[in-house]
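The values are calculated or read from the model by the stated rules, or taken from the named source; none is laboratory data. Everything numeric in this text was worked out from a predicted model, so none of it was measured. No Cβ is skipped: glycine too gets one built from the backbone with ideal geometry, and neighbour counts run over all protein chains shown.
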Amino acid sequence: LQGPAFKLYETILSKVTGIKLIASGGISHIEELPKLAQMGCEGVIIGKAIYENRITLKQLEKYVG
């Protein structure tokens with residue numbers, strides 16, 4: 001995994017208003033979630049990181065709401 005496309009998401013969110021952006025791909029560490037939220041991402045799709053046990057469901061509990 002190469003990490004989330006932070007720059008792409010920043011560009012999209014700065015140029016397009018009124019959208020609910022869902023970050024997908026490259027998320028491999030739980031520490032990336034707060035940064036994505038602060039940027040304005042409405043949510044994230046996490047797959048491989050859970051499958052490979054890099055992020056656990058227990059860790060995700062505090063972000064579900």
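Of all residues in the range 1-44, those being closer than 18 Å to residue 62 by Cβ, acidic (Asp, Glu) and more than 8 Å from the chain's Cα centre (by Cα) number 2. Filtered by the rule that a residue be modelled with pLDDT of 95 or more and in contact with a helix residue (DSSP H, G or I) (Cβ under 6 Å, 6 or more places away or on another chain), the range 56-65 gives no residues.
Contact map, the range 11-33: first residue under 26 Å from residue 55 (Cα atoms), second residue acidic (Asp, Glu), Cβ cut-off under 7 Å, separation 6 or more or different chains; pairs are 20/42; 21/42; 22/42.
Here is a yes/no grid of residues against (1) touching a strand residue (DSSP E or B) at 6+ places or on another chain (Cβ under 9 Å); (2) among the small types (Gly, Ala, Ser); (3) exposed (fewer than 11 other Cβ atoms within 10 Å of the Cβ):
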| site | (1), (2), (3) |
| --- | --- |
| 7 | no, no, yes |
| 17 | no, no, yes |
| 25 | yes, yes, no |
| 32 | yes, no, no |
| 36 | yes, no, no |
| 40 | no, yes, no |
| 48 | no, no, no |
| 56 | no, no, no |
| 60 | no, no, no |
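Pairs meeting the criteria (first residue in the range 36-65 and touching a residue at least 60 places away in the same chain (Cβ under 8 Å) and farther than 14 Å from residue 4 by Cβ, second residue among the charged types (D, E, K, R) and in a helix (DSSP H, G or I), beta carbons under 7 Å, at least 6 apart or on different chains) are lacking.
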